[in-house]
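Here the structure comes first, spelled out in structure tokens, and everything after it is commentary.
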Amino acid sequence: MASAPLALSVPEEWSTRVRIRDDARGLQREIECRPEAVKPLCSWVIQTIGYAFAGLIVEEAGEWRLRYAFYSTEAPSAWIYIVAHAPHAQTRFSSITEVIHAADWHEREAEDLFGLVFEGHPRLGDFVLHDDAWQEGLAPMRKNFDGRRPPPLRMPNPDWRPRRIVSAPGAFGMPVGPVYSAVTESAHFLLETVGEDVIRALPRFFYKYRAVEKVAEGRRADDALLLAERINGLTAFAHGLAYAQALETIGGIEVPPRAATLRVFLAELERLRHHVGAIAELCESTALVVATSQAAILEEELLRLSGALTGHRYLFGLATAGGLTRDLPDAEVAAAAVRARDIVKRLDRLERRLVRTSSFLDRLEEVGIVTEAEARAFGLVGPIARASAVSRDLRAIQPYGAYRDYVFEVPREAEGDGYARLRVLFAEARQSLRLMIQALDRLATGPVRSADAAPIAGAALGWTEAPLGAAFHWVRVDEQGRILRYRIIPPSFVNWHAFHLAAEAFAFQDFPIILATFGLSVSENDR
Amino acid sequence: MSQWVLSGLKAKIKTGIKTTRYPARPDRAPGVTPGLPVPRPVRSAHSGEGDAERIANRCPTGALDAREGRVDVDLRRCIHCFRCAREGSESMPWEGSYEWAAAVSPTAKLGHAFASSVHIRVVDAGDCGACLHEVKQLANPYYNLHRLGFFFTPTPRQADILLVVGPGTDQMREALTKTLTAMPTPRRVIAVGACALSGGVFGPSFACSEGIRSIVPVDIEVPGNPPPPLAILHALLVATGRAQSADSASRTRQLDAVERET
């Protein structure tokens with residue numbers, strides 16, 4: 001994961017007031033500063049250096065440590081962390097949302113869970129902890145909060161009402177969820193309208209808040225891996241891998257070549273299966289029954305293929321720090337690749353039929369648009385960003401594992417509508433097959449797991465390009481190998497932030513289709 | 001649009017019917033189930049007694065219990081991490097079954113009126129996505145739950161069965177209770193997946209309960225993480241009295257008959 005040296009210097013006016021620490025391996029540059037300097041430094045990293053905002057990581061270690069992570073979206077280059085230290089008594093910080101809109105939800109989350117106030121933020125409160133269920137002022141992520149049992153005092157606010165924006169004559173709100181449609185994840189959307197078109201879409205998440213980051217604290221590092229896999233069961237391997245890579249960076253653990261190759265194979269198998277499932281759901285949202293069934297058949301075949309190859313249909317229990325928990329026989333990997341090739345061939349035929357079906361395209365074209373400027377401002381990731389001409393793929397721009405040696409394209413579309421998102425899904429499925437076949441050719445002999453090493457205290461970021469986009473896992477462990485802080489920044493958390501842009505100004509009946517073209521996970525967002 | 005009709009018919013002629021024969025015949029296709037660990041006596045050449053404990057200690061959720069040289073499995077806690085099967089020299093055998101659903105209330109079975117038309121409301125109470133996805137797979141042509149008279153319904157008012165996935169998060173508590181209250185009687189509740197049965201890796205905590213039993217009464221439990229579609233189908237068949245409920249005694253008998261995967 002070595003990167004090119006970072007050829008940048010902090011602006012002169014700041015150079016005496018910050019402390020710069022470079023990682024020995026050239027992976028990252030930490031710029032330590034006082035809280036007041038955060039906002040100008042962040043805007044300098046975004047606007048002058050051209051980096052993208054990855055997330056805010058709050059740590060409570062006697063003092064507050066606010067770590068703002070940035071990554072290069074061009075050539076592979078070191079990460080930049082702006083780290084602000086503040087005494088524990090200080091709970092007010094200045095918000096950076098004004099200069100980096102993508103930080104909006106990060107600050108809201110930190111306010112709800114740590115009780116830190118970000119001054120200048122347009123709207124704080126009622127985010128993770130719903131005000132109609134919990135009293136104000138509860139800060140469950142703080143170390144002195146016992147997360148194992150419900151707090152003794154529970155005083156919800158009975159006066160809580162959903163926020164409304166539209167106040168035109170005849171305006172009304174249509175609540176959708178948290179239990180809605182036939183088989184869906186729980187989330188709430190308040191659609192404001194005066195009749196036909198959705199004027200404002202106000203999503204409300206975290207009905208599924210399981211406090212993964214809190215319950216991970218104090219657990220052994222390999223037990224927290226089970227949590228990483230289960231923040232989104234549909235992309236379990238990608239999340240497990242990101243977490244395992246963070247531990248590997250902390251411990252300096254080498255991954256054997258065979259495991260590195262198999263990881264690429266499995267990650268791409270998962271992406272292929274995920275995208276086929278997303279396509280099936282998209283067809284279902286437009287009530288195209290035959291296409292839904294055909295895509296669902298392919299998905300089930302991929303699930304069975306995964307199950308027969310690895311023992312688990314969703315690839316649980318495979319990723320581990322230092323490699324994989326089990327080896328896969330060469331012949332079975334080869335047979336799986338052959339079957340995957342056949343499935344992709346049938347997927348191509350499905351695509352050809354879909355693009356000739358005008359009634360289907362009518363529901364997708366120029367519907368649910370996210371412009372390139374919006375995608376950049378919200379820092380979108382994954383297939384949704386790539387459908388809006390923002391090609392951020394961590395496999396290409398921040399290669400991890402063995403991806404540096406593989407040849408593949410990053411599909412990109414410019415329109416930003418539902419149809420562009422559908423085309424990106426099909427194109428990425430083909431690229432995944434291409435990567436699987438390359439992995440098959442490179443399969444070396446040897447072990448799939450390095451020897452267990454004694455735990456080393458430290459912190460690191462692990463990342464993968466999950467099927468839904470960039471997944472960042474920040475892990476800090478102590479010398480006994482127990483978790484001190486685990487911060488997960490999943491792609492759905494980033495992308496749901498912009499969902500309202502796509503849903504607004506379109507008709508009610510487009511809403512489920514726009515939802516399906518986004519294809520995001522609520523579970524991953526809520527954690 | 002005719003292209004879809006033609007392509008659908010063509011695929012059917014070319015590949016035949018894909019739908020499983022289950023429950024008429026067992027489905028042994030590879031990859032339909034992740035399987036579960038099997039309770040077993042531990043006989044060891046060397047240390048004897050210690051091996052059972054060593055295996056049990058590898059379980060991160062406490063699903064394995066070592067007692068008198070034997071390892072028992074609490075299926076409600078098993079999360080398919082495979083640690084008992086893959087790590088160390090001694091390992092637990094896994095069997096590739098899927099008829100896991102167990103009736104846990106005396107009135108788990110619905111009456112005769114429900115033999116061929118049952119409507120199901122699914123509620124996600126904090127699931128990771130996998131269980132919910134396996135529930136959704138029941139509608140694909142491989143399982144086609146409609147052929148057995150089961151239907152998903154968007155409204156609780158028409159639902160006979162409440163199928164709950166996820167550990168029961170605090171912020172879903174109210175929605176889950178309200179959904180159950182809105183259903184007409186007679187009604188039954190099926191809890192799907194290790195999280196719904198025991199909290200899985202998440203609960204209990206301040207934000208999440210130790211399974212959904214603390215929120216709604218449960219009639220049928222389906223272990224697994226996630227249980228495969230066939231296991232969920234088995235639960236629906238148990239609810240309508242068309243299949244035998246799994247219990248530990250019959251499980252052991254059944255095991256002697258089926259092939260064991262080690």
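The values are calculated or read from the model by the stated rules, or taken from the named source; none is laboratory data. Everything numeric here is computed off the predicted structure, so don't read it as measured data. Quick reminder, even Gly has a Cβ in these numbers, built from the backbone with ideal geometry, and neighbours come from all protein chains shown. Heads up: the accessible areas ignore ligands, DNA and RNA and are worked out on the full protein's heavy atoms, side chains in. Shrake-Rupley method; radii C 1.70, N 1.55, O 1.52, S 1.80 Å.
Can you figure out the FRET efficiency of residue A:331 with residue A:149, using R₀ = 41 Å and their beta-carbon distance, to the nearest 0.05? Each step should come with its number before you reach the end.
Values: r = 51 Å, r/R0 = 1.24.
Calculated value: 0.20.
Rounded, prolate or oblate, given the Cα gyration tensor of region A:248-404, with a/c below 1.5 counting as rounded? All intermediate terms of the calculation are to be shown ahead of the outcome.
Details: a/c = 2.72, a/b = 1.34, b/c = 2.03.
In terms of gyration-tensor shape, oblate.
Write down the accessible area per residue of region A:1-162 in Å², having rolled a 1.4 Å probe over the full set of protein chains. All intermediate terms of the calculation are to be shown ahead of the outcome.
On the way: 7500 Å² over 162 residues.
For region A:1-162, the solvent-accessible area averages 46 Å² per residue.
Let me have the 222 nm mean residue ellipticity of chain A computed from DSSP H runs of 4+ only, each contributing -39500 (n - 2.57), with the sum over all residues rounded to the nearest 500. It would help to have the intermediate numbers written out before the result.
Working: 18 runs with 199 residues, N = 527.
Computed ellipticity for chain A at 222 nm equals -11500 deg cm²/dmol.
What is chain A's relative contact order, in percent, from Cα pairs under 8 angstrom and six or more apart in sequence?
On the way: 1035 pairs, mean separation 87.9, N = 527.
Relative contact order of chain A: 17 percent.
Residues of region A:338-377 losing 40 Å² or more of accessible surface, assembly versus chain alone, probe 1.4 Å, please list them.
Buried by the other chains: A:353.
Distance in nm between label sites at residue A:220 and residue B:10, each 7 Å beyond Cα in the beta-carbon direction?
Placing both labels 7 Å beyond Cα along the Cβ direction yields 5.6 nm.
Roughly how many whole Å is it from the C-alpha centroid of region A:466-519 to that of region A:368-442?
Cα centroid to Cα centroid, the span is 16 Å.
Testing the spin-label approximation: label points 7 Å from Cα along Cα→Cβ at residue A:480 and residue A:507. State their distance in nm.
That separation, rounded to one decimal, is 6.2 nm.
Find the accessible area per residue for region A:212-525; the probe is 1.4 Å, ligands and nucleic acids are left out, and the unit is Å². Present the calculation step by step, with values, prior to reporting the outcome.
Details: 9070 Å² over 314 residues.
Result: 29 Å² per residue.
Report, as an integer, the average count of C-beta atoms from other chains found within 10 Å of each Cβ along B:116-129. Working shown, then result.
Working: counts 0, 0, 0, 0, 2, 3, 5, 5, 11, 5, 9, 8, 19, 14.
Mean partner shielding for this stretch: 6.
Where does region A:331-482 land on the Kirkwood hydrodynamic radius, alpha-carbon pairs, in angstrom? Could you put the intermediate results ahead of the total?
Numbers: mean 1/r = 0.0550 Å⁻¹.
Answer for region A:331-482: a Kirkwood hydrodynamic radius of 18.2 Å.
Within 10 Å of each Cβ of A:292-305, how many other protein chain Cβ atoms are there on average?
Working: counts 3, 9, 5, 1, 7, 6, 1, 5, 9, 3, 1, 9, 7, 2.
That average works out to 5.
How compact is chain A by the rule of thumb for globular proteins, expressed as Cα Rg over 2.2 N^0.38 Å?
On the way: Rg = 22.8 Å, N = 527, 2.2 N^0.38 = 23.8 Å.
So chain A has a normalised radius of gyration of 0.96.
Can you send over the carbon and sulfur percentage of the accessible area for chain B, probe radius 1.4 Å, protein chains only?
Numbers: 5710 of 10990 Å².
After summing per-atom areas, the C and S share lands at 52 percent.
Nothing charged except the Cβ atoms of Lys and Arg (+1) and of Asp and Glu (-1): what's the magnitude of the dipole of region A:459-515 about its Cα centre? Round to the nearest 20 debye.
Details: 4 positive and 5 negative charges, 59 e Å.
Using only the charged Cβ atoms, the result is roughly 280 debye.
How large, in percent, is the carbon and sulfur part of the accessible surface of region A:393-447 at a probe radius of 1.4 Å?
Accessible surface attributable to carbon and sulfur in region A:393-447 totals 50 percent.
Can you tell me, using C-alpha contacts under 8 Å and at least 6 residues apart, the relative contact order of region A:1-162 as a whole percent? Mind dumping the intermediate values first?
Working: 272 pairs, mean separation 27.8, N = 162.
It comes to 17 percent, rounded to a whole number.
Over region A:77-142, what relative contact order in percent results from Cα pairs under 8 Å that are six or more residues apart?
Over region A:77-142, the number comes to 30 percent.
For region B:148-195, what is the charge dipole size about the Cα centre, in debye to the nearest 20, if Lys and Arg each add +1 at the Cβ and Asp and Glu each add -1 at the Cβ? Walk me through the numbers on the way to the answer.
Working: 5 positive and 3 negative charges, 25 e Å.
Charge dipole, region B:148-195, about its Cα centre: 120 debye, nearest 20.
Can you classify chain B as rounded, prolate or oblate using the Cα gyration tensor, where a ≥ b ≥ c are the square roots of its eigenvalues, rounded means a/c under 1.5, and otherwise it's prolate if a/b beats b/c and oblate if not? Each step should come with its number before you reach the end.
Working: a/c = 1.94, a/b = 1.34, b/c = 1.45.
Oblate shape, in that a/c is at least 1.5 and b/c is the bigger or equal ratio.
Points 7 angstrom from Cα along the Cβ direction at residue B:117 and residue A:445: gap in nanometres?
It is 6.5 nm.
How are the C-alpha pair distances of region A:1-162 spread across 10 Å bins, as whole percents from the shortest bin up?
Bins of 10 Å from zero give 10, 35, 31, 16, 7, 1 percent of pairs.
Assigning unit charges at the beta carbon (Lys, Arg +1; Asp, Glu -1) and nothing else, what dipole magnitude in debye, to the nearest 20, does the protein assembly as shown show about its Cα centre? List each step's numbers first, then the result.
Values: 92 positive and 94 negative charges, 378 e Å.
With only Lys, Arg, Asp and Glu charged at Cβ, the dipole is about 1820 debye.
Which parts of region A:169-199, residue by residue, lose 50 Å² or more of accessible area when the rest of the protein chains are there, as against the chain isolated (1.4 Å probe)?
A:179, A:182, A:183
What's the carbon and sulfur percent of region A:1-162's accessible surface, probe 1.4 angstrom, rounded to a whole number?
On the way: 3860 of 7500 Å².
Reported share for carbon and sulfur atoms: 51 percent.
Please compute, for peptide A:200-207, the average count of beta-carbon atoms on other protein chains lying within 10 Å of each residue's beta-carbon. Walk me through the numbers before you get to the answer.
Details: counts 0, 0, 0, 0, 1, 1, 3, 11.
The per-residue average across the peptide is 2.
Probe radius 1.4 Å, ligands and nucleic acids left out: can you give me the accessible area buried at the A-B interface, summed over both chains, in Å² to the nearest hundred?
Values: alone 21160 and 13830 Å², together 29520 Å².
So the total buried area for this chain pair works out to about 5500 Å².
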